Amino acid sequence: MNILAINTAENTLCIALKYKGKLYEIKENNVQHSISLITAIDKLLKAINAKLNEMDLFGVVVGPGSFTGIRIGLATVKAFAYALNKNIVGVNSLEYYAYNSLSDFTNGKNIVSMLDAGSGLIYFAEYDNSLKEIVAPTAYTIEEAKKFSSGKNIVVQTLDKLCNAEFTNVNAIEFNNSKYIELIEKKAKLNCINTSKNIMPLYIRLSQAENDLIKKGKKTNV
């Protein structure tokens, strides 16, 4: 199965391509996803003489993460899937980081996955060792996150400065495209797939811009 998967929910632009059984990838730091994404995809396809219409499945990180990045990634993948009549597998960031750490934890305890949500909040979700969701993705204060993660395995982003400063005994990792593709394949086998019409972003809290509008007494549709 040929799979093109992107992650625009973080500062680093990640593109993973599984083509004819081999994995190819691009990672670009400190770029504007809206400008760089299509160019990077085209560059990767051309480098291995592949075509977009050869893809059997698309993958995308639906959140939580950068609000703008999520919108860019979803819009791009939805356009591809619609034009080629292909399906999409959506992956949430917290689920991915828990999956990437399954082999690192052998004590049988549940895995708490956390990301810095900004504004003093932490995106939080809990999974068991089969990746069954125990606590759905939510946003906690630091004190709440400390309370509900106590005694459990914790995984955070390597560059998650807030989490690393406030929590101990954590497994800090970077986004791994190989594990990303692997998780997409597993979800596809479980029929956890979407179309361009029904895949949705995972927004756990309002963006700063939306909060600012509320403070000014203006309405928001989100």
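Packing order of peptides 16-24, 99-107, highest average first: 16-24, 99-107 (average count of other Cβ atoms within 10 Å over each peptide's residues). Residues M55, M1, M200, ranked from the fewest to the most other C-beta atoms within 10 Å, line up as M200, M1, M55.
So I have (1) -0.37, -1.00; (2) -0.31, -0.91; (3) -0.58, -1.01, and one of them is log10 I(q)/I(0) by the Debye sum over Cα atoms at q = 0.09, 0.15 Å⁻¹ calculated from this model. Which one is it? Read-out taken from this structure: (1).
Given a cut-off of 28 Å, name the pairs among K147/K197; K20/K152; K78/K152; K51/K197 whose C-alpha atoms lie farther apart than that in the structure shown.
Violating the 28 Å Cα-Cα cut-off are K147/K197; K20/K152; K78/K152.
The loop-placed trypsin sites (Lys or Arg not before Pro) in region 114-203, going by DSSP, that have at most 10 neighbouring Cβ atoms within 10 Å of their Cβ come out as K132, K197. Give the percent of DSSP beta bridges with both residues in region 1-159 that are antiparallel, rounded to the nearest 5. Around 65 percent antiparallel, to the nearest 5. Springs between Cα atoms under 10 Å define the GNM used for the chain, and in it the highest mean-square fluctuation of V156, V135, V89 occurs at V135.
Taking the Cα centre of region 94-173 as reference, the dipole from Cβ charges on Lys and Arg (+1) and Asp and Glu (-1) amounts to some 160 debye. Between the helical axis of 177-189 and the longest alpha-carbon principal axis of the chain there is an angle of about 80 degrees. Can you figure out the FRET efficiency of K22 with K43, using R₀ = 22 Å and their beta-carbon distance, to the nearest 0.05? About 0.85, to the nearest 0.05.
Quick note: the coordinates plus some simple rules give every number you see, no bench work behind them. In this text, all values refer to a predicted model and were calculated from it rather than measured experimentally. Cβ coordinates were reconstructed from backbone atoms using ideal geometry, including for glycine residues, and neighbour counts include every protein chain displayed.
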